[in-house]
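Structure first, commentary second.
Values quoted throughout were computed directly from the atomic coordinates according to the rules given, and no laboratory measurement underlies them. The structure presented is a predicted model; accordingly, all values stated were derived computationally and were not measured. FYI the Cβ positions are ideal-geometry reconstructions off the backbone, even for glycines, and counts take in every protein chain you see.
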Amino acid sequence: MEPHHQNPDEAVQGMLLCNAAYAAGCHWGTFRLTNEPVDEPVRKLAEALDHQEVPRERFRALLPGEAWDVPAVQTDSRPTEPKALQTRL
């Protein structure tokens, strides 16, 4: 699956690189395509968010069929990049 999907750490990096205020992960746990435990992507996402100092409420791993009312964001009040990303760029 690696050539076609981002892992949780790459997804958080992508969110930060495109300066997204919020992001949602979808279709995880829908089909068993790998040998990983079904809840591993969500756990790894939480670890990646914590490592990048991104509040967990900014990136949701949606359950199958779940809808998310994404909070409105004013363009002048977007969250700033975490220190971990700033040092790598």
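For a quick check: sort 9, 69 by the number of other beta carbons within 10 angstrom, fewest at the front.
Fewest-to-most ranking of 9, 69: 69, 9.
For residue 18, put the label point 7 Å out on the Cα→Cβ axis and report which residues of region 42-64 keep their amide N under 20 Å from it.
Under cut-off, by backbone N: 42, 45-46, 48-50, 52-63.
What's the FRET efficiency of residue 4 with residue 50 using the Cβ-Cβ distance as r and R₀ = 25 Å, to the nearest 0.05? Could the numbers behind the result be given before it?
Numbers: r = 26 Å, r/R0 = 1.04.
Between residue 4 and residue 50 the formula returns 0.45.
Which loop trypsin sites (Lys or Arg not before Pro) in region 30-59, with loop taken from DSSP, have no more than 15 other Cβ atoms within 10 angstrom of their Cβ?
Working: sites: 32, 43, 44, 56, 58; in loops: 32.
Passing sites in region 30-59 are 32.
Calculate one ³J(HN,Hα) per residue across region 27-36 by plugging θ = phi - 60° into the Karplus curve 6.51 cos²θ - 1.76 cosθ + 1.60, and present them in order as whole Hz with x for glycine and proline.
6, 6, x, 6, 10, 7, 10, 9, 8, 6
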